[in-house]
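The values are calculated or read from the model by the stated rules, or taken from the named source; none is laboratory data. The structure presented is a predicted model; accordingly, all values stated were derived computationally and were not measured. Here Cβ is always computed from backbone atoms with ideal geometry, including for glycine, and neighbour counts include all displayed protein chains. Areas reflect the complete protein model, heavy atoms only, side chains present, ligands, DNA and RNA absent. Shrake-Rupley method; radii C 1.70, N 1.55, O 1.52, S 1.80 Å.
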Amino acid sequence: LGTHPIQDNRILQQVIEEHKTVVIHHAGDNAQVQASYYQHYQDAPTLIIAPLIARNQVLGTLDLALIDPTRRLDDEEMNLLEQISAQLSTALDSTRLFSQTASRAERERLVAEITTKVRASNDPGTIIETAVRELRKALNAKHAQIVFDGDEQVSQNEQPNGHSQNGD
């Protein structure tokens, strides 16, 4: 696993723009390979860079460096590579979507929890103090406050012992 700097990388730009696999024979003799992220593949006789595409977006690339100088992938092997790239893209996209969904669910759970605590009182002062305290805790903030028109404010600070202190 690694990251590819896109800037000044014509090979990667081509893969991203065209959504097509790039095969570079004699990689060590190729100036684009020597001047890019792929320079560590210079010893490879053939470099293959396949896009990982999901939802018409390139998520990354699958890079293969063939070591046998006489080896060429035939149509069936290229088809296999593209199928594997497609399956990998789908798996990566599903993982990303699952992670986003889990994060969204956690946020919604937290909002519901804070809302329940805030609504537990009919006293405006208690409601405000609860909202400030819970928001500070949820966002791991050192200080939170609500400022009203005029000089009135409700705030809460975290103390060195991890407890809260109201500062009305």
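Straight Cα distances below 17 angstrom link K117 to the lysines K137, with same-chain residues fewer than 8 positions distant left out. Solvent exposure of the range 41-108, expressed per residue, is 66 Å² of accessible area, with all protein chains present and a 1.4 angstrom probe.
Packing around the peptides 92-105, 13-26, taken as the average count of other Cβ atoms within 10 Å per residue, puts them in this order, highest first: 13-26, 92-105.
Here, the range 55-111 has an Rg and a Dmax of 17.8, 61 Å when only alpha carbons are counted.
Candidate cross-link partners of K142 among the aspartates and glutamates, defined by an alpha-carbon separation under 13 Å and a same-chain spacing of 8 or more, comprise E134, E158. If the segment from D123 to R72 were pulled out straight at 0.36 nm per residue, it would be longer than the present Cα-Cα gap by 10.7 nm. Shown for the range 16-132: the carbon plus sulfur share of the solvent-accessible area, taken with all protein chains present and a 1.4 angstrom probe, equals 53%.
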